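Chemist: Take a look at this one; I'll ask things after.
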Amino acid sequence: MDYITELAEKGVVARQAARRLATLSTAIKNQALYAMADALQQHHAAIVAANAEDISRAEAGGMPKPLLDRLLLNEARIKDMAEGLRQIAALPDPVGHVVAGWTRPNGLAITKVQVPLGVIGIIYEARPNVTVDAAGLCLKSGNAVILRGGSEAIGSNTTVTAIISKAAEAAGIPAGAIQLIETTDRQAVMAMLKLNKYLDVIIPRGGAGLIKTVVENSTVPVIETGTGVCHTFIDASAELAMAQEIAFNAKVSRPGVCNAMETLLVHGEIAAEILPSLLERYHQAGVELRGCPAVIQYHQAVKPATEEDWAAEFHDLILAVRIVDCLEAALDHIASYSTRHSEAIVTNDYHNARQFQQQVDAAAVYVNASTRFTDGFEFGFGAEIGISTQKIHARGPMGLPELTSIKYIVNGTGQIK
């Protein structure tokens, strides 16, 4: 089957499924989510086997280790994916929620309610867990979903989608509510961006290149998820032990994810106290260090940073480090290079903390915590469809409420105008 035919056929089925899914009871949707979770764990061996083939191909193709980590599925990660579905089932159903209601002087009763978006297209890269997160969130919010993952994860995505869609349909979800584009032809993405007849919205999840392609070429409305050039600023008043742990965690725990820190800013007054040991710790962990001239003196492994480094989302064990002389200089740097994803300050100064949170323009702004917490699971959403860095409709980790729109229900008694 050519990709044009595949897209059209799946679009028709998804549109039909969306009409039925929008009116399903919360009980049926929750039953399906629990069934999907159980099925994932029951069939974990098949998923791991398919994923092993993806990993093997990716390694042969030279995929960097941090991205291989994003691609990897094992029994523990599959268990986490299943737990995410169970958490979604436990969350309030946004569909039908009454946002507001009022009666006009002419007697018209108006009620503002949340309704599903309809059919959502998700385009993402080598993260097969997104397949499960997206399917679960779309199902609970009453939306059909068409998934298009990266070619690197085609075996994992195909296996996972077959398992969860079968479980969902057995629990009462209409066929076609969860579908995967199985062709790896890159032109299928461009065609998907033009499916206005079937898709109500497209959400890209991935690097800057993917997001730029979707935003610039889609005729379907896009909810833009952003790249993560995230910063941590260690203020002069910071507790140094805390600052070390936060800064190390933000870079090293999972460098390939979008909420990982890419640039560390350090107040000049405490640079001599914290940088020698912190830079050595990064060096021992395999982090490539790139710094401003003032940073280079504190460790022999620091290479000179370029202008491009300050704006880079490395997705790797690479860190840019700059010394600044005040809070305002840190704020200026962040304003120049931030992608408005997640920013953090480590400080014991209440006024500096408040100023940082008020003046930094980002989806999530932290005081004395790692940027790694910008995540739907960590925010209590069960999972996320993506982290939006735009300001229209949704911002930050996007959970169930962000996957709904509004409908006005108007009841009259014969009024005419």
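Chemist: With respect to Y298, determine if the residue is of a type outside the set (K, R), within 16 Å of L240 (Cβ to Cβ) and in a loop (DSSP other than H, G, I, E, B).
Modeler: So Y298 fits the description; yes.
Chemist: So S277 fits all but one of (1) among the polar types (S, T, N, Q); (2) within 26 Å of Q359 (Cβ to Cβ); (3) surrounded by fewer than 19 Cβ atoms within 10 Å (Cβ to Cβ); what number is the exception?
Modeler: Every condition holds for S277 apart from (2).
Chemist: Might you check whether a residue that is modelled with pLDDT of 95 or more and over 16 Å from the mean Cα position of the chain (by Cα) occurs anywhere in the stretch 120-138?
Modeler: Scanning the stretch 120-138, I find no residue that is modelled with pLDDT of 95 or more and over 16 Å from the mean Cα position of the chain (by Cα), so the answer is no.
Chemist: Identify the single condition in (1) surrounded by fewer than 22 Cβ atoms within 10 Å (Cβ to Cβ); (2) out of contact with any Pro (no Cβ under 6 Å at 6 or more places or on another chain); (3) of a type outside the set (F, W, Y); (4) assigned to a strand (DSSP E or B) that L147 does not satisfy, given that it satisfies every other one.
Modeler: Result: L147 fails condition (1) only.
Chemist: Do you know which residues across the stretch 85-127 are within 28 Å of I181 (Cα to Cα) and polar (S, T, N, Q)?
Modeler: Across the stretch 85-127, the qualifying residue is only Q87.
Chemist: Might you let me know whether the stretch 245-252 holds any residue that is out of contact with any Phe, Trp or Tyr (no Cβ under 8 Å at 6 or more places or on another chain), of a type in the set (S, T, N, Q) and surrounded by 24 or more Cβ atoms within 10 Å (Cβ to Cβ)?
Modeler: Looking through the stretch 245-252, none of the residues is out of contact with any Phe, Trp or Tyr (no Cβ under 8 Å at 6 or more places or on another chain), of a type in the set (S, T, N, Q) and surrounded by 24 or more Cβ atoms within 10 Å (Cβ to Cβ).
Chemist: Would you kindly identify the strands (runs of 3 or more DSSP E) lying entirely within the stretch 318-417 that contain at least 3 residues that are more than 22 Å from the chain's Cα centre (by Cα)?
Modeler: Of the strands (runs of 3 or more DSSP E) lying wholly inside the stretch 318-417, those with at least 3 residues that are more than 22 Å from the chain's Cα centre (by Cα) span 318-324, 404-411.
Chemist: Among the listed residues G206, G176, G228, which satisfies the condition of being within 22 Å of L403 (Cβ to Cβ), in contact (Cβ under 8 Å) with a residue 40 or more places away in the chain and out of contact with any Asp or Glu (no Cβ under 8 Å at 6 or more places or on another chain)?
Modeler: On inspection, the qualifying residue turns out to be G176.
Chemist: Taking the conditions exactly as written (polar (S, T, N, Q), assigned to a helix (DSSP H, G or I), more than 27 Å from the chain's Cα centre (by Cα) and in the same structural domain as E239 (by TED's automatic domain parsing)), does S277 satisfy them or not?
Modeler: So S277 fits the description; yes.
Chemist: Name the residue that is surrounded by the most Cβ atoms within 10 Å (Cβ to Cβ), counting only residues in the stretch 255-274 that are part of a strand (DSSP E or B) and β-branched (V, I, T).
Modeler: Looking at residues that are part of a strand (DSSP E or B) and β-branched (V, I, T), I get V266.
Chemist: Considering each of I47, I88, I78, I4 in turn, give the residue that is under 18 Å from A383 (Cβ atoms), part of a helix (DSSP H, G or I) and at pLDDT below 95.
Modeler: Going through I47, I88, I78, I4 in turn, the sole match is I88.
The values are calculated or read from the model by the stated rules, or taken from the named source; none is laboratory data. Treat the numbers as computed from the prediction; the structure is a model and nothing was measured. Positions of Cβ are generated from backbone atoms using ideal geometry, with glycine treated the same way; all protein chains shown enter the neighbour counts.
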